[in-house]
1. Quick one: compute the contact order of the chain, relative version, from alpha carbon pairs under 8 angstrom and 6+ residues apart, as a percent.
2. Under 5 Å between amide hydrogens, which residues at least 5 positions from Gly156 or on another chain qualify, with H placed 1.01 Å from N in the peptide plane?
3. Got a sec to turn the phi values of the range 117-124 into Karplus ³J(HN,Hα) couplings, 6.51 cos²θ - 1.76 cosθ + 1.60 with θ = phi - 60°, whole Hz, x for Gly and Pro?
4. Could you name the aspartates and glutamates in cross-link range of Lys283, using Cα to Cα under 14 Å and dropping any fewer than eight places away on the same chain?
5. At 0.692 mPa s and 37 °C, plugging the Kirkwood radius over alpha-carbon pairs of the range 1-74 into Stokes-Einstein gives what diffusion coefficient in µm²/s?
6. Let's see if you can work this out: charge +1 on each Lys and Arg Cβ, -1 on each Asp and Glu Cβ, no other charges. What is the dipole magnitude of the range 202-269 about its Cα centre, in debye to the nearest 20?
7. With every protein chain kept in place and ligands, DNA and RNA left out, what is the accessible area per residue of the chain? Probe 1.4 Å, answer in Å².
8. Quick one: putting +1 on the C-beta of Lys and Arg, -1 on the C-beta of Asp and Glu, what dipole do you get for the chain around its Cα centre, in Debye to the nearest 20?
Amino acid sequence: MDDKVINDYIKAGKIWKETIKFSRKKAIEGKSLLELANEIETKILEEGQIAFPVNLSINEEAAHFTPNGKIEDDRFLKKEDVLKIDLGVHINGYICDGAITINLDNTHAKQIEANDLALENAITKAVFGKPIEVIGKEIEDTLKQKGFNPVYNLGGHGLAQNDIHSYPSIPNHANGSTSLLEECAIAIEPFASTGKGYISESPQVEIFGLKEGKNVRNPYGRKLLFIAKNYSLPFAERWLRRESKLDDFSFIVGLRELMKAGAFETFPGLKENKGTIITQSEKSLLVLENKTIVLGE
Ligand code: MN
Ligand code: MN
């Protein structure tokens with residue numbers, strides 16, 4: 001890996017770490033998630049670039065939930081909530097992707113500790129030339145020993161320039177993979193579940209990606225598409241609402257036309273059954289031939 005690229009990753013990691021600290025302070029009881037999301041993203045922009053809309057997923061929600069920007073849909077953090085804050089920072093497209101779990105009344109402290117331990121144990125297995133499956137096995141073994149299931153159908157991933165989900169996949173369980181770790185950037189992200197450990201897609205979609213070469217006639221759709229073309233990475237409905245300044249009706253019409261035309265790919269909310277509690281911890285790493293660098297440390 002080029003020195004300049006390594007430095008960009010390390011810088012993104014530093015900003016990620018600062019933003020995580022900032023987020024912990026801001027996530028207080030009664031906090032508006034819309035306000036929290038905006039504060040976190042503004043904080044990232046002080047020194048870096050946003051790699052994807054901050055994910056604020058609660059309780060049975062595992063990932064891809066973020067406020068949609070409508071004040072009437074806003075949610076407020078309760079002390080018993082289990083909130084996953086997953087945020088990404090990039091420098092020149094080189095991304096640090098990482099997450100923590102917050103539970104203000106500490107009812108789920110054991111699960112969060114188990115999840116953090118699973119991540120720390122997994123990181124020790126992220127070594128150049130070693131099998132990728134060992135990382136997944138370590139996550140699964142650690143979580144099961146503590147009485148939780150990993151979320152089997154979610155996992156970590158490679159990171160590449162302007163690409164948040166690239167090769168290789170990093171499983172959260174022993175999945176039979178025979179691949180070896182090459183020199184690369186990866187995110188390891190165990191999720192612990194009190195349920196069976198299988199998430200499914202929610203009808204709720206708040207995060208999108210741009211597909212090239214599509215167009216629409218509808219003027220609201222055209223306006224939204226024009227804005228979306230500025231994003232080389234995933235973006236939020238909330239950002240489109242804010243930047244387009246369209247009223248709700250026009251916004252929905254525009255977005256519907258774009259969806260019909262196939263102009264956007266979707267990242268639907270991912271969740272388990274109601275009553276299940278899911279935690280997450282995630283860090284990004286550079287796996288180099290002679291060492292592994294954990295970003296943000
Ligand atoms: Mn993440
Ligand atoms: Mn990730």
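The values are calculated or read from the model by the stated rules, or taken from the named source; none is laboratory data. Values in this document were obtained by computation on a predicted structure and should not be read as measured data. All Cβ positions, even for glycine, are placed from backbone atoms using ideal geometry, and neighbour counts span all protein chains on display. Just so you know, the surface numbers come from the protein's heavy atoms only, side chains and all, with ligands and any DNA or RNA stripped out. Shrake-Rupley method; radii C 1.70, N 1.55, O 1.52, S 1.80 Å.
1. Numbers: 718 pairs, mean separation 71.6, N = 297.
Here the relative contact order equals 24 percent.
2. Ile170, Asn172, Glu189
3. Once rounded to whole Hz, the list reads 5, 4, 5, 4, 4, 5, 4, 5.
4. Glu18, Asp86, Asp97, Asp116, Glu120, Glu189, Glu297
5. Details: Rh = 13.7 Å.
The Stokes-Einstein estimate is 240 µm²/s.
6. Details: 12 positive and 8 negative charges, 48 e Å.
Dipole magnitude for the range 202-269 comes out near 240 debye.
7. Values: 13520 Å² over 297 residues.
Roughly 46 Å² per residue, with all protein chains present.
8. On the way: 38 positive and 44 negative charges, 116 e Å.
The calculated dipole for the chain is roughly 560 debye.
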